[in-house]
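The values are calculated or read from the model by the stated rules, or taken from the named source; none is laboratory data. Nothing here was measured: the structure is a model prediction, and the numbers come from that model. Here the Cβ positions follow ideal geometry from the backbone for every residue, glycine too, while neighbour counts run over all protein chains shown.
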Amino acid sequence: MDFQPCIVNMYVMDAAQAWFVQGKKPEAVLNEHHRVGAHTDIYVFEPNDGAKRYIWSHSGRRPFGEPAPLQCVICKSIKSWGPPKVVRSSPAHALCIILMCTECGHEVKKDRPSGFTKFTSGKINTTERGDWYMQMLV
Ligand SMILES: [Zn+2]
């Protein structure tokens, strides 16, 4: 993780406005803040609703919140991943993301961790906006 205070600040300002002015939960503005998800997960603690972790996922850059490897472990090529293959149970639910090295064909598979619920509505977003997932912690 590479925490970026200036990006997180924009999220916190929007989350505070959503909470105090509009009466919405802080996670209601996550869809507009994919950039913060590229750098950190978001944790929300509520007295009556438990603790939740929000994880940003991008199929090519950060499958299920875990950064894609910079280097292929077999041929040592840098950033050699082709377009990711998303194995889905439905248009909105990814089960597995597969990255394949364009130089040697080596595959890296990332299964969706158990307990990850897709928070972003609609189909899996393969654009730069990606998707948010939620994990209950307590
Ligand atoms: Zn390779």
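Quick notes on this one:
- Yes/no for residue 27 being out of contact with any His (no Cβ under 7 Å at 6 or more places or on another chain), of a type in the set (Asp, Glu) and assigned to a loop (DSSP other than H, G, I, E, B): no
- Filtering 16, 51, 28 for residues that are surrounded by fewer than 17 Cβ atoms within 10 Å (Cβ to Cβ) and touching a Leu at 6+ places or on another chain (Cβ under 6 Å) leaves a single hit, 51.
- Residues located in segment 87-129, provided they are modelled with pLDDT of 95 or more and in contact with a Ser or Thr (Cβ under 8 Å, 6 or more places away or on another chain): 95, 97, 101, 102, 103, 104
- Scanning segment 91-114 for residues that are touching a strand residue (DSSP E or B) at 6+ places or on another chain (Cβ under 7 Å) and over 19 Å from residue 67 (Cα atoms) yields 92, 93.
- Candidate set from segment 70-111 (those that are touching a residue at least 12 places away in the same chain (Cβ under 8 Å) and β-branched (Val, Ile, Thr)); member that is nearest to the ligand (Cβ to nearest atom): 74
- Search result, residues across segment 57-84 that are over 24 Å from residue 134 (Cβ atoms) and under 16 Å from the mean Cα position of the chain (by Cα): 69
- Filtering 65, 60 for residues that are at positive phi and small (Gly, Ala, Ser) leaves a single hit, 65.
- Within segment 4-24, considering residues that are in a loop (DSSP other than H, G, I, E, B) and polar (S, T, N, Q), the one nearest to residue 63 (Cα to Cα): 4
Listed here are the residues, each with its yes/no results for (1) in contact with a Leu (Cβ under 7 Å, 6 or more places away or on another chain); (2) surrounded by 14 or more Cβ atoms within 10 Å (Cβ to Cβ).
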| position | (1), (2) |
| --- | --- |
| 68 | yes, yes |
| 83 | no, no |
| 90 | no, no |
| 106 | no, yes |
